[in-house]
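Notes follow once the structure below has been shown.
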Amino acid sequence: MKVLANDGISKSGIEALEQEGFEVLTTTVAQEQLVNYINNNNIAVLLVRSATKVRKDIIDGCPSLKIIGRGGVGMDNIDVEYARNKGIHVINTPSASSHSVAELVFAHLFGGVRFLHDSNRNMPLDGDTQFKSLKKNYAHGVELKGKTLGIIGFGRIGKEVAKIALGIGMKVIASDKYVGKSNIKVEFYNGQFINVEIETEPTKEILKHADFVTLHVPAQDDYVIGEKQLEIMKDGVGIINAARGGVIDEVALVKALESGKVAFAGLDTFEEEPTPAIQVLMNGRISLTPHIGAATNEAQDRIGTELATQIISLLKTENA
């Protein structure tokens, strides 16, 4: 039985599948060629990340497909219900990359409060001639400890973000339509831990009181943060989006950055991905990464092995 990992899969995932007799293909097939490739090679399992889209044309045009797997959390690039109604299993790995995304949030936060994103642009250009003036420009950083982090979306990733925030001494406030109270277990290297109970609040309250706001919501039909939401935030707020492009109005964000209402932003996802707006890419107050939240070796190993485990379990059950 053949598996096409069109957006790649870890070596550990390949090995786990091959040990059970699956043939794993890692050719990256262009979107418009997918139907032909799947049919010509009798592919039973299609694995994707965020690049490949699995819409009705692929689902209808590929009768050999038994499983569609998403390496990661969000499945907005797959017509999930349509596929399931056609008898195709749709799987993902909701927890495998949570900690990796959370760490990237803090990479942006730490970099933002100490201007690292801008310093790393300017030091290579002017560090040898303007050292003293650059030192003065970047001399007004702030500490994260003691500040309030507002988390919008308190699912798996939001809770991992909370753990790190609590660990460095931040106050955590959160909002979520579906989560009330949550016990956050902050674990330490020596086996000790503390439990912190967090009760979610309306998003409006989070926006009013947070020094920094980070988004962890699925794709939306409308902006979670637009002009109105930016207006009620604290002056000098920092905003991070490592969730989905389109949850922040980037035009309004750039305007707020230029006015000083927002001190800095960290963006891992973009409205116009994979061709982000030039106004966003060139803004010196934005820390930029190209949608790499889940892209750590550890997360990819977990994703690969979790997908393999689910595939083996599903197809063995069907063939039993």
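The values are calculated or read from the model by the stated rules, or taken from the named source; none is laboratory data. As the structure is a prediction and not an experimental result, all values here were calculated from the model. Counting neighbours? That spans all protein chains shown, and the Cβs are built from the backbone with ideal geometry, glycine included. Accessible surface areas use protein heavy atoms only, side chains included; no ligands, DNA or RNA. Shrake-Rupley method; radii C 1.70, N 1.55, O 1.52, S 1.80 Å.
Below are the figures for this structure:
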read-out: Qualifying residue in the stretch 232-240 (condition: touching a residue at least 40 places away in the same chain (Cβ under 8 Å) and either hydroxyl-bearing (Ser, Thr, Tyr) or under 24 Å from ARG156 (Cβ atoms) (or both)); value: yes
read-out: Restricting the stretch 116-145 to residues that are within 20 Å of GLY266 (Cβ to Cβ) and assigned to a loop (DSSP other than H, G, I, E, B), the residue that is least open to solvent (accessible area, probe 1.4 Å); value: LEU144
read-out: Flag for VAL186 being within 25 Å of GLY293 (Cα to Cα), in a loop (DSSP other than H, G, I, E, B), touching a strand residue (DSSP E or B) at 6+ places or on another chain (Cβ under 9 Å) and open to solvent by less than 40 Å² (accessible area, probe 1.4 Å); value: no
read-out: Subset of the stretch 204-243 (residues that are open to solvent by 40 Å² or more (accessible area, probe 1.4 Å) and within 21 Å of the chain's Cα centre (by Cα)); value: PRO218, ALA219, GLN220, ASP221, ASP222, TYR223
read-out: Near pairs, Cβ below 7 angstrom, 6+ apart or cross-chain, from the stretch 252-274 (at pLDDT 95 or above) to any residue that is of a type in the set (Lys, Arg); value: LEU257/ARG285; PHE264/ARG285; ALA265/ARG285; THR269/ARG244
read-out: Condition broken by VAL179, with the remaining ones in (1) open to solvent by 40 Å² or more (accessible area, probe 1.4 Å); (2) in contact with a Ser or Thr (Cβ under 6 Å, 6 or more places away or on another chain); (3) farther than 25 Å from GLY236 by Cα satisfied; value: (1)
read-out: Members of the stretch 86-115 found to be closer than 22 Å to GLN300 by Cβ and part of a loop (DSSP other than H, G, I, E, B), listed by number; value: THR93, PRO94, SER95, ALA96, SER97
read-out: Close pairs from the stretch 22-35: first farther than 14 Å from ALA51 by Cα, partner at pLDDT 95 or above and in a helix (DSSP H, G or I), Cβ under 7 Å, at least 6 apart; value: VAL24/ILE14; VAL24/LEU17; VAL24/GLU18; VAL35/ASP57; VAL35/ILE58; VAL35/GLY61
read-out: Scan of the stretch 73-91 for residues that are buried (at least 21 other Cβ atoms within 10 Å of the Cβ) and at pLDDT below 95, ordered by number; value: VAL73, MET75
read-out: Count of the stretch 263-310 residues which are closer than 25 Å to ASN122 by Cβ, open to solvent by 50 Å² or more (accessible area, probe 1.4 Å), of a type in the set (Val, Ile, Thr) and within 18 Å of the chain's Cα centre (by Cα); value: 1
